[in-house]
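Working notes for the structure below.
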Amino acid sequence: MARLYHVPLSPFCRKVRLSLAEKKIEVELVEERYWEQEADFLRRNPAGKVPVLRLDGMLMAESAAICEYIEETRPDPSLMPRKPAERLEVRRLVSWFDDKFHSEVTSKLLYERVNKKITGQGYPDSTNVKNGAKAIKYHIDYMSWLLDHRRWLAGDSMTLADFAAAAHLSCLDYISDVDWNRSAAVKDWYAKIKSRPAFRSILADQVPGFRPPSHYADLDF
Ligand SMILES: N[C@@H](CCC(=O)N[C@@H](CS)C(=O)NCC(=O)O)C(=O)O
């Protein structure tokens, strides 16, 4: 069976979990206290980051590389379109969320409010939190604009771009940092993706010391 070294509130780990679940690949989840940088962990991934996936007799790191490997070896159901231009758009949006959204929003809200406490790095920096809360509005507006033109974020079908976005937003929703009233299009998109069987394990996550709001696991939120 596949094994994923992860932490529950990591958008990168969640993106991999969603890909595995969508393709019905059973996985054992092992929580990794990556901040302790234990020798065994660094042997598995010298970069010292999660996710790390054991699959097909290999240890894999870097969520984008992992998701593309899963896609190439298990193409059904597909999370990548066929045409190069459409694949380009999926990759652009995966980077949008994992680079831009991550640095402007996730690191400013989730890492300040949750990761700092879990890893014993003190209290949230209020300027960062304020900047993250401001930036998420612009990102939701951008998603809303995309969804006014497309059924899913990158085009007509659900792709890795939707999983990247949903992975970040679900972590932020766990700490009540998403204003679902800002855009009906984004709320409808999230309701659609949240109701997929692949999302179940993510909605069941519980992080000690951080209780999610009641709407977090509610499909009719
Ligand atoms: N580019 C990496 C980013 C992974 C990442 O930053 N993971 C965080 C947890 S959300 C981590 O392990 N951070 C530890 C560190 O940066 O030392 C990926 O996509 O897998």
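The numbers here are math on the coordinates, done by the rules we state, and not lab data. The structure presented is a predicted model; accordingly, all values stated were derived computationally and were not measured. When we count neighbours, we look across all protein chains shown, and the Cβ atoms used for this are built from the backbone with ideal geometry, even at glycine.
Annotation for segment 95-146 versus segment 63-90: alpha-carbon center distance of 26 Å.
How big is the equivalent ellipsoid of segment 32-73 along its three axes, where each semi-axis is √(5λ) from the Cα gyration tensor, reported in whole Å from largest to smallest? Mind dumping the intermediate values first?
On the way: eigenvalues 87, 21, 9 Å².
In descending order the semi-axes read 21, 10, 7 Å.
Taking every Cα-Cα distance in the chain and sorting them into 10 Å bins from zero, the calculated P(r) comes out as 8, 34, 39, 18, 2 percent. In plain terms, the residue of LEU42, LEU203, LEU53, LEU172 with the fewest other Cβ atoms within 10 Å comes first and the most crowded comes last, giving LEU42, LEU203, LEU172, LEU53. Helical content of the chain, expressed as a calculated mean residue ellipticity at 222 nm, amounts to -13500 deg cm²/dmol (DSSP H runs of 4 or more residues, -39,500 (n - 2.57) each, divided by residue number, nearest 500). Quick one: work out the % antiparallel among DSSP beta bridges in the chain, nearest 5. Rounded to the nearest five, the antiparallel share is 60 percent. Among TRP180, TRP35, TRP96, a tally of other beta-carbon atoms within 10 Å of each Cβ gives an order, fewest to most, of TRP35, TRP180, TRP96.
Only counting other Cβ atoms within 10 Å, I'd like PHE221, PHE199, PHE163, PHE97 sorted with the fewest neighbours first.
On the way: PHE221 14, PHE199 22, PHE163 29, PHE97 26.
By the 10 Å Cβ count, ascending: PHE221, PHE199, PHE97, PHE163.
Here the relative contact order of the chain, from alpha carbon pairs under 8 Å that lie six or more residues apart, stands at 22 percent.
Among the listed pairs LYS49/LYS117; LYS15/LYS117; LYS49/LYS116; LYS49/LYS100, those whose Cα-Cα separation exceeds 21 Å are LYS15/LYS117.
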